[in-house]
1. Taking springs between alpha-carbon atoms closer than 10 angstrom, which of A:GLY202, A:GLY100, A:GLY72 fluctuates most in the Gaussian network model of chain A?
2. How far is the Cα center of the stretch A:132-161 from the Cα center of the stretch B:182-223, in Å?
3. Enumerate the amide H contacts of B:HIS9 below 5 Å, restricted to partners 5 or more residues apart or on another chain; note that Pro and chain-start residues carry no placed amide H.
4. List the equivalent ellipsoid semi-axes of chain A in whole Å, largest first, each obtained as the square root of 5λ for an eigenvalue λ of the Cα gyration tensor.
5. Put +1 on the Cβ of each Lys and Arg and -1 on the Cβ of each Asp and Glu in the stretch A:3-216; which of A:ALA102, A:ASN119, A:SER31 then has its Cα farthest toward the positive end of the dipole?
6. Treating cross-link reach as a plain straight distance, find the lysines whose alpha-carbon is under 29 Å from the alpha-carbon of B:LYS191, omitting any fewer than eight places away in the same chain.
7. Taking the Cα centre as origin and putting +1 on Lys and Arg beta-carbons and -1 on Asp and Glu beta-carbons, what dipole magnitude results for the stretch B:172-232, to the nearest 20 debye?
8. Under 23 Å Cα-Cα from B:LYS127, which lysines qualify once same-chain neighbours fewer than 8 residues away are excluded?
Amino acid sequence: MSSLLILSLLNGLAYGLLLFLLSSGLTLIFSMMGVLNFAHASFYMLGAYLGFQLSAVTGFWVAIIISPILVGLIGAAVERFGLRKVHAQGHVAELLLTFGLAFLIEEVVQLVWGRSAVNFVLPQILRDPMFVLDGVAYPTYRIFMMAVALGMLAVVIVFLRTTRVGLLVQAALGLPRMVGMLGYNVPRLFTQVFAVGSALAGLAGAIGGAVLVTEPAMARELGPIVFVVVVVGGLGSVFGAFVASLIIGMVQTLAIGFDRPIYAMLGFGSPGEGGLAELWSVSLAQIAPLLPYLLLVLTLIFRPRGIAGTRDL
Amino acid sequence: MTLVVSGLHAWYGHSHVLQGVDFEVGPGEIVALLGRNGVGRSTTLKALMGDVERRGRVLLDGARIDRLDPHQVVRRGLAYVPEDRQVFPTLTVEQNLDLGNWRGRAEGGWTKPDVLSRFPRLAERAKVPAGALSGGEQQLLSMCRSLLSNPRLMLIDEPTEGLAPAMVTQVKELIVEIAARGCAVLLVEQKLTIALKIASRVLVMVHGQMVFQDSTAAFIAAPEIRRRYLEV
Ligand SMILES: Nc1ncnc2c1ncn2[C@@H]1O[C@H](COP(=O)(O)OP(=O)(O)OP(=O)(O)O)[C@@H](O)[C@H]1O
Ligand SMILES: [Mg+2]
């Protein structure tokens, strides 16, 4: 394998795992409560900004622990005092609430931290290269991101599979009312799941913020992709979200890493000028941002339960 | 355990389904709730559980439970087995049973080993996802799951619907045993022969109201009630 391919694959993996960290919470929230939480990526942004701010005070390592906890608490408050109140008015009201919240958070972030990107600096140990391949240094930081995301995946899966609360969450993914009819406080379970989901998004922000640039537009940029992951992965499936995150991370990164015009990929010569030449000369990197949405549309049409979903959308 | 229901109303949006229902269930008895399709039998059970918009008085041993959320109603001693069974399909039989006991620990009465030894078929399939069971097995599982909270009153909605005769017998025997061990049962049952064989009292419902409530013997002695309100 060429070193370019290896590096692209590693980058795709790192990006995919970060997407998973973000979407695992959203998939639980969406499947269990039916809430299309537009503010989910805003929690990711808050995690990045809080991580940045706390780093200055507590240092990076403490900051990436405290920041997700704070974001989780904010998430719990949003669910308890916002979503739960409008729940009776139905899903549209909930959606509008999170929609408003996303804009609110963006405005607040701009007020506090300004419109341009903040300088989120990593500790030296993470900036050192992990290894050098054909003269290209691979940053330790990306490996660290992957390790954290994989660690969280393991924790979430073990929790869901082995603990009583995990079983309740699994049960409530499909039949929340029945869980209530067995004596469990489902609204409280919702709040807890929402808080944990928000905290995972906050963690993604805190560890991804330095690489992916901490700026007010970061929520708007990643938000739609996270929904793609949830739908493509399938409702109610953390595992599906995992696979979908990796696919989207890989596809996007590889498309940029192997940037070529379409005509070259199909083995033709340059089409020259005029006619359809412009179309044939579109490069893979230009198409890359569009691929997740294409996947979304195809999934909805041909496989509405996604990769591993337990029910149709 | 005594349940006293008076003036119970329930709504689905604008549709006013229960229009002032009154009845009682005494300790350890099996009460059959009868009526034609769509008269509001399932809604009566849901209204007792707090799963629909409702108004009226529901007293459990003198304490009002009509303002409580479903999980609080369960914690006062009611249990509910829905018409469509609602086993958790991706969880195993054993995990389904575990979730039936909200206390999280056994406390006398019905226990998991109890129900597993009573139904060897469930014991054999303890590690199988509940979604893979037959309809009858799912029905037994759903009843056993609710039973593990050791309720004082169980609301069971059409448990024999769509089951093979052998399964119907097992379900019937379980209901009789539940009552014999001290838990009252409010049973919605379409099969009249079964209902009349095991129930000590009968309630008949028409359009969201009770039109008859008396002993099973009195019901059998009044064939005109049956003709007017049950036969189609
Ligand atoms: N979720 C719902 N939304 C709106 N109307 C409903 C809903 N569930 C039931 N209904 C209506 O309320 C009435 C009573 O329904 P209920 O389920 O209590 O009937 P039932 O006596 O149990 O009969 P069956 O089980 O044969 O349908 C019916 O007219 C039914 O159409
Ligand atoms: Mg019914």
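None of the figures in this text is laboratory data; all of them are computed from the coordinates on show. Quick caveat, the model's predicted, so the values are computed rather than measured. No Cβ is skipped: glycine too gets one built from the backbone with ideal geometry, and neighbour counts run over all protein chains shown.
1. It is A:GLY100.
2. Their Cα centres are 63 Å away from one another.
3. Under 5 Å from the amide H of B:HIS9: B:GLY20, B:VAL21, B:ARG55, B:GLY56.
4. Equivalent ellipsoid of chain A: 34, 25, 19 Å, largest first.
5. Of the candidates, A:SER31 comes out farthest on the positive side.
6. By straight Cα distance, B:LYS191 reaches B:LYS46, B:LYS172.
7. Charge dipole of the stretch B:172-232: 60 debye, to the nearest 20.
8. By straight Cα distance, B:LYS127 reaches B:LYS112.
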